[in-house]
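Trainee: First the structure, which I've put down as structure tokens, then a few questions once you've had a look.
The values are calculated or read from the model by the stated rules, or taken from the named source; none is laboratory data. All figures in this text were calculated on a predicted structure; none of them were measured in a lab. Just so you know, the surface numbers come from the protein's heavy atoms only, side chains and all, with ligands and any DNA or RNA stripped out. Shrake-Rupley method; radii C 1.70, N 1.55, O 1.52, S 1.80 Å.
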Amino acid sequence: MGKPSRMNQTAISDFFLLGLSEQPEEQSLLFGVFLGTYLFTMTGNLLIILVISSDPHLHTPMYFFLANLSLTDVCFTSASIPKMLANIHTQSWTISHSGCLAQLYLLLVFGGLDNCLLAVMAYDRYVVICQLLHYNTAMSPQLCALMLGANQLPMCWVLTNCPALVNTLPLTRVAFCAHKAIPHFYCDPSALLKLACSDTRINELRIITTGLMFLTVPLMLIVLSYVRISWAMFGISSPGGCSKAFSTCGSHLTVVLLFYGSLMGVYLFPPSTHSAESQSRDAILYGDYPHAKSIHL
């Protein structure tokens, strides 16, 4: 039975995640590919956390941030992919209203944490290359704990929970129309607002404002860090020293380009020039970013 007939029989409290394909013959292939990728992602990130936590020589700020990035990616991927796999396996494309909002909140929180961690790691690379003599002071354990530690109220958690709550809670008061098909494999805020029957201009403005603010600031910090790093690398006369400096931040820069490139592909291109198919491909890349991160880092 196809998806449209299921949609006509589903309770009004449900949404429909249309996924990546409506062709029945492609479902087994999609399930196998995403299950394998998800397991590889989980294994890679958990191994990174295990190795860093068990080796005292790796208890440095750089590896501390890397372990937190891996943990965040485990949570980020688990917020959407298991539901997608369950939908494919059961051939049921529904997600409850509360489940959709919970998934949206988790994606915003852990996506924001990725964003914040990449900025912190860029600053860490800047200090290593440009301010090495001040590294122990600039990246002290107290500062690391303030940003990410469990014994205090970490700044990154506060900075990511605020926009996630601000964008998710108002959706509980939005009235949605009878047609509730979301053309993604996860609950996307812009797609949800397109299904609303009530006025959503304030919600759209809120999403754009908070999105630009909490995306642009970390990105600018990353760009500024790499501008300073590039400037310092031009002053290195030794080819070996320049190569070592580049290898120090090459993997991080690769992940940054992948993360922000796919994110901009999903959300920033105008709808008139950005087809649903290409948006789905960018969404896959954005959702699969932790897999690439575990390879590069």
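Trainee: Rounded, prolate or oblate: which fits segment 19-155, taking a ≥ b ≥ c as square roots of the Cα gyration tensor eigenvalues, rounded meaning a/c under 1.5, else prolate when a/b beats b/c? Intermediate results must be reported in sequence, preceding the final value.
Mentor: Numbers: a/c = 3.01, a/b = 2.23, b/c = 1.35.
Prolate, since a/c reaches 1.5 and a/b exceeds b/c.
Trainee: Which order do you get for Met84, Met220 if you rank them by accessible area with a 1.4 Å probe, largest at the top?
Mentor: Values: Met84 10, Met220 110 Å².
Putting Met84, Met220 in descending order of accessible area: Met220, Met84.
Trainee: What is the pair-distance distribution P(r) of segment 57-122, computed from all Cα-Cα distances in 10 Å bins starting at 0, with each bin given as a whole percent?
Mentor: Taking all Cα pairs of segment 57-122, the binned fractions are 20, 39, 24, 13, 4 percent.
Trainee: Residue by residue through segment 129-144, which ³J(HN,Hα) values in whole Hz follow from phi under the Karplus form 6.51 cos²θ - 1.76 cosθ + 1.60 (θ = phi - 60°), with glycine and proline marked x?
Mentor: Once rounded to whole Hz, the list reads 8, 9, 9, 4, 5, 9, 4, 4, 7, 5, 10, 5, x, 5, 5, 4.
Trainee: Would you mind getting the accessible area per residue of segment 17-79, heavy atoms of the protein chains only, 1.4 Å probe, in Å²?
Mentor: I get 51 Å² per residue for this part.
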